[in-house]
Amino acid sequence: MADAAPAPPLVLASRSPQRRAILEQLGIPFDVVVPTYEEHTPPDLAHAADIVCEHARGKALSVADGAGDRPVLGVDTEVVLQGQIFGKPANASDAERMLEELSGTTHVVMSGLCLLTPGWEVVECEGTRVTFRELTPRDLAGYVATGEWEGRAGAYAIQGRGAALIKSIEGDYLNVVGLPGSLLVRVLADRFAGTYGYG
């Protein structure tokens, strides 16, 4: 019996090293193409789930023309506290403000995922609840001094020193890192049963 053809690499529309690491961890082959999509929020989108899905789809579509028949993956992740979206902090003061607001509360890390081919597209979202412990001024200053907050939605990285800020999480840990792994595996199993080792 002939060996099955290797799975075609996904085209990952992202510059995120965390998303690359998660795909490697899951054993999913991929190539990276940096998206040309510029994030903007249409005025008719008020909910975080709609916003991250729109951004994920925009990223995927921005590289789809060069992907041929290969599946294109776009992802967008935001931190949401009581309806307020916490994007990437502008500077250290902004990072400290975000972390102070997240201290002692439960927020949702919301990701939109878009997987598309020339024949179809799937757009879904995933939320993970993250509870911060009460942070002291020393906690805040110490974490901000690490610089780990730079380029991170919500000003923390759970896979790094930011793990010390967390009291508990409910849901997909990988989603908090930057890519909803369980959702991606489910979509791949549904659309490409067996091709990528799932389903």
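Relative to the longest principal axis of the Cα atoms of the chain, the long axis of helix 48-64 lies at roughly 40 degrees. Against the chain, whose longest principal axis comes from its Cα atoms, helix 137-146 is set at around 40 degrees.
Backbone amide hydrogens, once placed in the peptide plane, bring Ser14 within less than 5 Å of Val33, excluding anything fewer than 5 places away on its chain. Over the chain, DSSP H runs of length four or greater, each weighted -39,500 (n - 2.57), average out per residue to a 222 nm ellipticity of -9500 deg cm²/dmol. FRET efficiency for the pair Ile166 and Asp94, taken as 1/(1 + (r/R0)^6) with r the Cβ-Cβ distance and R0 = 25 Å, rounds to 0.75. Within the chain, the proportion of C-alpha pairs whose separation exceeds 25 Å stands at 38%. Short to long, the 10 Å bins of the Cα pair-distance histogram for the range 34-110 hold 17, 39, 30, 11, 2 percent of all pairs.
Output the 0 to 90 degree angle, nearest 10, between the alpha-carbon long axis of helix 92-102 and the longest principal axis computed from the alpha carbons of the chain. Its long axis makes an angle of about 90 degrees.
A Gaussian network model of the chain, with springs between Cα atoms under 10 Å, assigns the largest mean-square fluctuation among Ala164, Ala95, Ala153 to Ala164.
Looking at the range 85-199, the accessible area is 45 square angstrom per residue; that uses a 1.4 Å probe and ignores ligands, DNA and RNA.
Which value, in Å to one decimal place, does the Kirkwood hydrodynamic radius take for the range 72-152 when every pair of different Cα atoms is included?
Values: mean 1/r = 0.0704 Å⁻¹.
In the range 72-152 this quantity evaluates to 14.2 Å.
When the solvent-accessible area of the range 84-199 is split by element, carbon and sulfur atoms take up 48 percent of it, the probe being 1.4 Å. The heavy atoms of Tyr37 offer some 50 square angstrom of accessible surface to a 1.4 angstrom probe.
The values are calculated or read from the model by the stated rules, or taken from the named source; none is laboratory data. Note that the coordinates shown come from a computational prediction; the quantities given were computed from them, not determined experimentally. Backbone-built Cβ (ideal geometry, glycine too); neighbour counts: all protein chains shown. SASA here: full protein model, heavy atoms, side chains in, ligands and nucleic acids out. Shrake-Rupley method; radii C 1.70, N 1.55, O 1.52, S 1.80 Å.
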